[in-house]
1. Give the stretch 32-49 a look and list any residue that's touching a helix residue (DSSP H, G or I) at 6+ places or on another chain (Cβ under 6 Å) and within 22 Å of Lys121 (Cβ to Cβ), or say none.
2. Could you check Ala139 against (1) within 14 Å of the chain's Cα centre (by Cα); (2) hydrophobic (A, V, I, L, M, F, W, C); (3) more than 18 Å from Ser12 (Cβ to Cβ); (4) not in a helix (DSSP H, G or I) and say which number it fails?
3. Acidic (Asp, Glu), more than 13 Å from the chain's Cα centre (by Cα) and assigned to a strand (DSSP E or B): which single residue out of Asp70, Asp54, Asp74 fits that description?
Amino acid sequence: MSKILILCTGNSCRSQMAQALLNSFDPCLEVYSAGTEPAKEVHPLTLEVMKEIDFDLSRNKPEPVEKYLDQYFDYVITVCDEAKETCPVFTGEVKNRLHMGFEDPAAFEGPEEQKKEEFRKIREQIKKEFRRFFEQNLAG
């Protein structure tokens, strides 16, 4: 069973989506998510667009990366957009470090419906990329 940590800055959008989606591919995986500067809560639009595909994240809370520094992980995956953010660095013990960059949907400016569309777009990108990661590295 693989132990995976998904990292971003706020742990309120992308890493929360990735954690839920990756865990749904194989419930035997141990998947965690955290941020270097955790937000106070999971972004409301993250909750909304994940609920659209039958994921209830309403009990999730952003976690600080420090909570996991003394643990070993098979994979630590950063999901920040390197062009616009400083990607977090995990200083704990890890076998494989990967980066899968996604734009931050919370940074999108525009009317509410367009914001929601941006969250959906990022959700689908995360779903596709993490499915590929799962099939290439963890399945079977």
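Rule-based calculations on the coordinates, nothing more; no lab input. Remember, it's a predicted structure, so these values are computed and weren't measured experimentally. Every residue, glycine as well, gets a Cβ built from its backbone with ideal geometry; the counts of neighbours run over all protein chains shown.
1. From the stretch 32-49, those touching a helix residue (DSSP H, G or I) at 6+ places or on another chain (Cβ under 6 Å) are 33-34, 36, 42-43, 45-46, 49; that's our starting set.
Answer for the stretch 32-49, where residues must be touching a helix residue (DSSP H, G or I) at 6+ places or on another chain (Cβ under 6 Å) and within 22 Å of Lys121 (Cβ to Cβ): Ser33, Val42, His43, Leu45, Thr46, Val49.
2. Failing condition for Ala139: (1).
3. Values: Asp70 fails: assigned to a strand (DSSP E or B); Asp54 fails: assigned to a strand (DSSP E or B).
Just a single option satisfies the conditions, and that option is Asp74.
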